[in-house]
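The values are calculated or read from the model by the stated rules, or taken from the named source; none is laboratory data. Remember, predicted model here, so these are calculated numbers, not experimental data. Backbone-built Cβ (ideal geometry, glycine too); neighbour counts: all protein chains shown.
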2 protein chains.
Amino acid sequence: MRASSASAIDLRPVGRVESPLTDPAQAPRQGDEGAPDAWLVVDAGYAEAAHDLAVGDELVVLTWLDRARRDVQVTQPRGDPFAPLTGVFATRSPDRPNPIGLHEVRVLAVDGLRIQVSGLEAVDGTPVVDIKPRLGPVGER
Amino acid sequence: MRASSASAIDLRPVGRVESPLTDPAQAPRQGDEGAPDAWLVVDAGYAEAAHDLAVGDELVVLTWLDRARRDVQVTQPRGDPFAPLTGVFATRSPDRPNPIGLHEVRVLAVDGLRIQVSGLEAVDGTPVVDIKPRLGPVGER
């Protein structure tokens, strides 16, 4: 059996978020809770990978929530001080061992390596680590 | 402006997949295309984070597809040799700069740190890097 869970992995940002949101405490908890439109700025070294992104695409953007805490294993969901402490794998708290953000967005504009997307709750400067199309029904992939 | 996209990030596996799938070439492309049930084996150091996972939970499991190629930026979607070469950010190819797998699953059983889940297309030994609940409508989170 592989003991692959022991070794660290080198995750490399492929771009970053440009957003009017700058304070994590002010950011909406999810993109559909009033988050602003934002830009994904892809690094020039990943131009080929981003080449086929187009207006109207429904994407899942993966970010590295670099302002989150990695040493938190239990939390009160949605910051509710009356909620029971809950293991973070059962919550969407940004504070978790690997604070990867998942954001479902739609492409509003493409300007070279700058991709404008709808409702993104990540703050300005957040590293982008992957971009994927959302999956439709089998057969449309 | 932060130049955060320049620096590497240390992603730490929190567990691994135990699955009858061992050959990536034989694995289904998506979990709903005939993938078998599998176990997530959480490392003991993350027991608190996993504490509230329960049978019936609908989860998104994030894995590190450690058998994928990171130097691929364009691919033929779904391995179709007649498809046009497409930038990987517009595909779900496992070969991509940061090969993070997203898997939507349901919890079938919980046995301590072993979590059995439905239809997972990752092969045996694949590192698990995060586990999140799938989001329901706003207000049910």
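Inside segment B:70-94, can you point out the residues that are charged (D, E, K, R), farther than 17 Å from A:LEU53 by Cβ and modelled with pLDDT under 95? Within segment B:70-94, B:ARG78, B:ASP80 qualify. Among residues of segment B:21-45 that are farther than 12 Å from B:THR126 by Cα, those with a Cβ under 8 angstrom from a residue that is modelled with pLDDT under 90 and of a type in the set (Ser, Thr, Tyr), sequence gap 6+ or separate chain, pair up as B:ASP43/A:SER5. Residues of segment B:87-103 include at least one that is within 11 Å of chain A (Cβ to nearest Cβ) and among the acidic types (Asp, Glu). Out of all the residues in segment B:64-83, which are part of a loop (DSSP other than H, G, I, E, B) and more than 7 Å from every other protein chain (Cβ to nearest Cβ)? Across segment B:64-83, the qualifying residues are B:LEU65, B:ARG67, B:ALA68, B:ARG69, B:ARG70, B:ASP71, B:VAL72, B:GLN76, B:ASP80, B:PRO81, B:PHE82, B:ALA83. The single condition among (1) among the β-branched types (Val, Ile, Thr); (2) in contact with a Ser or Thr (Cβ under 8 Å, 6 or more places away or on another chain); (3) not in a loop (DSSP other than H, G, I, E, B) that A:VAL61 does not meet is (2). Confirm whether B:ARG69 is surrounded by fewer than 20 Cβ atoms within 10 Å (Cβ to Cβ) and without any contact (Cβ under 8 Å) to a residue 40 or more places away in the chain. In short, yes. If we scan segment B:116-131, do we find a residue that is surrounded by fewer than 21 Cβ atoms within 10 Å (Cβ to Cβ), without any contact (Cβ under 8 Å) to a residue 60 or more places away in the chain, out of contact with any His (no Cβ under 8 Å at 6 or more places or on another chain) and more than 7 Å from chain A (Cβ to nearest Cβ)? Scanning segment B:116-131 turns up no residue that is surrounded by fewer than 21 Cβ atoms within 10 Å (Cβ to Cβ), without any contact (Cβ under 8 Å) to a residue 60 or more places away in the chain, out of contact with any His (no Cβ under 8 Å at 6 or more places or on another chain) and more than 7 Å from chain A (Cβ to nearest Cβ).
When A:PRO97 is tested against the conditions (1) in a loop (DSSP other than H, G, I, E, B); (2) within 13 Å of the chain's Cα centre (by Cα), the lone failure is (2). Restricting attention to segment A:31-56 and to residues that are more than 7 Å from chain B (Cβ to nearest Cβ) and assigned to a loop (DSSP other than H, G, I, E, B), the residue that is surrounded by the fewest Cβ atoms within 10 Å (Cβ to Cβ) turns out to be A:GLY56. The residue of segment B:20-30 that is nearest to the chain's Cα centre (by Cα), among those that are part of a loop (DSSP other than H, G, I, E, B) and surrounded by fewer than 21 Cβ atoms within 10 Å (Cβ to Cβ), is B:GLN30.
Taking the listed residues A:GLU58, A:GLU48, A:GLU121, the one that is modelled with pLDDT under 95 and not hydroxyl-bearing (Ser, Thr, Tyr) is A:GLU121, with no other qualifying.
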